[in-house]
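Data first, discussion second: the structure below is written as structure tokens.
The values are calculated or read from the model by the stated rules, or taken from the named source; none is laboratory data. Just so we're clear, the structure is a prediction, and the values are computed from it rather than from any experiment. A quick note on method: Cβ atoms are made from the backbone with ideal geometry, for glycine too, and the neighbour counts reach across all protein chains shown. Side chains are part of the model used for accessible areas, which takes the heavy atoms of the whole protein and leaves out ligands, DNA and RNA. Shrake-Rupley method; radii C 1.70, N 1.55, O 1.52, S 1.80 Å.
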Amino acid sequence: MHEKQNTAALVSLSAMAADPPSSSWHALLCLTLFSAVVASSSAMDCDGDDRAALLRVKAQLGDPVQLSSWLPATNCCAWEPPAVFCSAAGRVTGLALSSLDGVRAPVPPALGELPELVILQVQSVRGLSGPIPSSFGNLTRLEDLNIAGTSISGPVPDFLAGLTSLRTLVIADGKLAGPIPGCLGSLPGLRYLDLSGNMLTGAIPPGLLHGSFRFLILANNQLTGEIPSDCGDDDVDTLDLSRNRLTGDPSPFLFGIAKPLAKVDLSWNELEFDMSDVSFPHHLTFLDLSHNRINGSVAKSLMDVKLEHLDVSYNGLCGEIPAGRFMSAHGAESYEQNRCLCGTPLPPCTTGGILGR
């Protein structure tokens, strides 16, 4: 029972880390879960093989000062900071490494010697470099792999497709290069994929995500081609493909009044379509289509969408901006640098209906 509660708490913590909480009660819940996990972990002795693997991780990282509590013949379930989480049987099921000062080392292969890992998080360790070691292929119980703010390089490894328990895969803000392997689409439970802030190239493979409440975040890469039509499936919540070189017209499959999409960021691409008659989802809270080649007029359907953020600037839009309902929330910066937009919050239209045609 303790093991199931411990793992559930780890998964909850992982979800919050991947999608930062926006309210105080979320933060309180996160703190409560963290305290419960640490308390249940530190009360048991850890498995000897797992302790030996963690000590090898420490050595391969160059013995950073933040890991000074990692000592032989001590209970690794009580090592902190950073956090080591254990099951009721004393097996290491979660590991969080963050902000390790002075590290200048490849990714430790010994991380792949923790076969019971469910969650592995590595955050803000800029000196961590090189490819993801093949030993990670041994982590068959891994549900959450979250690596961000490192100098990890090389391709996205194909062997990650063998980690069939993965639900969250984040390798962001690094130096990955090459294409996104289509074999990631074989992961049956993958619903959160973030490979943003790398140097990935080629087309976005179709069918990468499965299940409900999907997040696809591939911003700040060098991806080309068209957006796959399955990005418009009814289970997609967040789509961030900004700052790439994507082309084509995704509007027929991506947008629709009943779509559950909450956030769409397609800014800084080369997308080209007529926005005039697009029906934007009523659930949208964030829409950024700036810096593309979008033409036509600002869609009237936006009047019925309560957006917290709207940006259609730097396109080829023209005509009078629809007024009324939720449109009053958006300032002039949402529409700047288009071909000939007019009307509130921009200067009024001329008698002919369009300013500066």
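Structure summary
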| item | result |
| --- | --- |
| Length-normalised contact order of the chain in % [C-alpha pairs under 8 Å, at least 6 apart] | 7 |
| Förster radius 30 Å - calculated FRET efficiency between SER151 and ALA73, Cβ distance, rounded to 0.05 | 0.35 |
| Square roots of 5 times each gyration tensor eigenvalue, C-alpha, the range 186-326, largest first, Å | 25, 18, 12 |
| ALA59 versus GLN222: modelled label distance in nm, points set 7 Å from Cα along the beta carbon direction | 3.9 |
| Efficiency of FRET between THR350 and ILE257 - r from beta-carbon atoms, R0 25 angstrom, step 0.05 | 0.15 |
| Phi-based couplings in Hz for the range 168-184 (Karplus 6.51, -1.76, 1.60; Gly and Pro marked x) | 10, 10, 10, 9, 10, 6, x, 10, 5, 9, x, x, 7, x, x, 5, 4 |
| Residues of the range 115-159 with amide N under 17 Å of the 7 Å Cα→Cβ point at SER99 | 121-128, 148-150 |
| Amide proton proximity set for GLY130, modelled H, under 5 Å, gap of 5+ | SER153 |
| Portion, in percent, of the accessible area of the chain that falls on carbon or sulfur, probe 1.4 Å | 54 |
| Distance in nm between pseudo-label sites at LYS306 and ASP277 (7 Å out along the Cβ direction from Cα) | 3.0 |
| Cα-based convex hull, the chain, per residue volume (Å³, whole number) | 134 |
| Descending semi-axes in Å of the range 58-207, equivalent ellipsoid built from Cα gyration tensor | 26, 19, 11 |
| Cα lying deepest toward the dipole's positive end in the range 183-321, options THR285, ASN244, LEU254, charges on Cβ | ASN244 |
| Inter-label distance for ALA89 and MET199, nm, one decimal - labels placed 7 Å from Cα along Cα-to-Cβ | 4.3 |
| The chain, accessible area per residue, ligands and nucleic acids excluded (1.4 Å, Å²) | 43 |
| Extension gain (nm, one decimal) between ALA332 and ARG245, 0.36 nm per residue minus Cα-Cα | 28.7 nm |
| Debye intensity ratio in log₁₀ form over the Cα atoms of the range 38-145, taken at each q of 0.16, 0.21, 0.23 Å⁻¹ | -0.64, -1.15, -1.39 |
| Kirkwood-type radius of the range 257-357, with distances r between different C-alpha atoms, in Å | 13.4 |
| ILE147 long-range amide H proximity, modeled H, under 5 Å | VAL122, VAL170, ILE171, ALA172 |
| Under 9 Å, Cβ to Cβ, from VAL236 - net charge with Lys/Arg +1 and Asp/Glu -1 | -3 |
| Cβ-placed point charges (K, R +1; D, E -1), dipole of the chain about Cα centre in debye, nearest 20 | 320 |
